[in-house]
1. Please list, or write none, the lysines whose alpha carbon is within less than 18 Å of the alpha carbon of K8, excluding same-chain residues fewer than 8 places away.
2. Please list, or write none, the lysines whose alpha carbon is within less than 28 Å of the alpha carbon of K204, excluding same-chain residues fewer than 8 places away.
3. If you roll a 1.4 angstrom probe over the protein chains with everything in place, what fraction of the accessible area of region 307-372 belongs to carbon and sulfur, to the nearest %?
4. Ignoring ligands, DNA and RNA, what percent of the accessible area of region 125-174 is carbon or sulfur (1.4 Å)?
5. Measuring from the lowest to the highest alpha carbon on each principal axis, how far does the chain reach, largest first, in angstroms?
6. So how much slack lies between Q171 and L28, counting 0.36 nm per residue of separation and subtracting their Cα-Cα distance, in nm?
7. Between A332 and K204, what is the spin-label point distance in nm, taking each point 7 Å from the Cα along the Cα→C-beta axis?
8. What residue among M141, A5, Y281 has its Cα farthest toward the positive end of the dipole of the chain, where the charges are +1 on Lys, Arg and -1 on Asp, Glu, each on the Cβ?
Amino acid sequence: MRLPAFAKTLRFKLTLWYVAIIILFGALFLVAVNLAMQQSVTGPPVFLSHPMAASQTPTEIYRLVRSTQLGLLRNYSLIGFAGLVVIGAVGGHFLSGRMLKPVDRVSSLAARISSTNLKERIGYEGPDDEIKRLADTFDDMLERLESAFEAQKQFIQDASHELRTPIAIAQTNIEVVEMEERPGARDYKRLIEVLKLSLDRMSKLSDNLLLLSEGGNDRSRWSVVDMSAVLDEVVEEAYAQAAAAHISLELERPSEGMHIMGDPLSMKQAVLNLVDNAVKYNRRGGWVKVSARSEHPLVIVQVEDSGGGISETDQQRVFDRFYRVDKSRSRAQGGSGLGLAIVRKIVEDHGGLVSVHSTLGEGSSFRIALPHHTPV
Ligand code: ADP
């Protein structure tokens, strides 16, 4: 027979145990007091031993009998009550110890698991009660902690790898000049160019790492943001870059304001990253279209391009940190593989979602959906 969920809880079991104890010892107590009283009634009358018993009137004798019986009842009740307290304390101690034993097991297992040993799990196998739920929640938490630690480790490895590349380039070029017997002005000039590029890459990487960690979380910078104005600024800023790559940049937005609540600077950064990619990964003579519309309760910003597109497998990963589809093309364009990860972080910090639709060879379309802000 399947027990209902509440019948499996510790709370229910404890209640049942306590009711059983109360019924058992309450009944024993009543029987004991009754037996004792019966004994005193059937045995030789106690009051007859009273020194004044012989010289009393019937009414006084009746009073004497009553007070003697009452006194007996009080004594037996007190003894019984003391007995019940002792039994209750011993029973409670034993019962709670029995019930809380699994908690002890869970807590000693939990104490064994440290930040360096996140692989262990409690794996509690027992009835589906509060303890099991506690242990399962703890295991879930460990699972999340472990993957967060792993992700952090991977992030540090990727970031140091990214930093190592420009450092290695700079070191090699310095060594080459050092090996020259008489380096000339041209050698130094070339070295300075390389060092400048390497420093530029490192400073861009550190800016991006900072952007990624900040996202749009700093609420002190939040205000009502008009997304139409943000798009105007982005397109104005990206115009020269697009023109240099012979790409036409078009903006389509409604005339009325579309407002969201957030950090205007990081919002601009998110859209700028998308437009920057749309230009970078485009073909010569291609186009980029930036548009915005209101789909209540959302504000939708879309960046479409006529570039080479992204395969379905890569679409799943382009928002991951340091992920690049074409590493050499990205590096050649000064990319660090963090642009889309920054977009996702900023958009999600604003309670929104970013997605990509793309067909290889036909171009891509990135879409940001943000909650509309309606003034109160
Ligand atoms: P990166 O610094 O390399 O540009 P991003 O995180 O911005 O890093 O983008 C990740 C990868 O996604 C890029 O390396 C590129 O291969 C691909 N990608 C991003 N945007 C586009 C786009 N509009 N068209 C084609 N590929 C793109």
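1. Within the straight-line cut-off, K8 pairs with K101, K132.
2. K153, K189, K196, K268, K280, K289, K327, K345
3. 45 percent
4. Carbon and sulfur atoms account for 61 percent of the accessible area of region 125-174.
5. Reported extents, whole Å, longest axis first: 137, 63, 44.
6. Residue separation times 0.36 nm, minus the Cα-Cα distance, leaves 42.4 nm.
7. Result: 1.4 nm between the two label points.
8. A5
The values are calculated or read from the model by the stated rules, or taken from the named source; none is laboratory data. These numbers were taken from a predicted model, which means no experiment stands behind them. Reconstructed Cβ throughout: ideal geometry from the backbone, glycine too, with neighbour counts over all protein chains shown. For the accessible areas, the whole protein counts, side chains as well, though only heavy atoms, and no ligand, DNA or RNA atoms are used. Shrake-Rupley method; radii C 1.70, N 1.55, O 1.52, S 1.80 Å.
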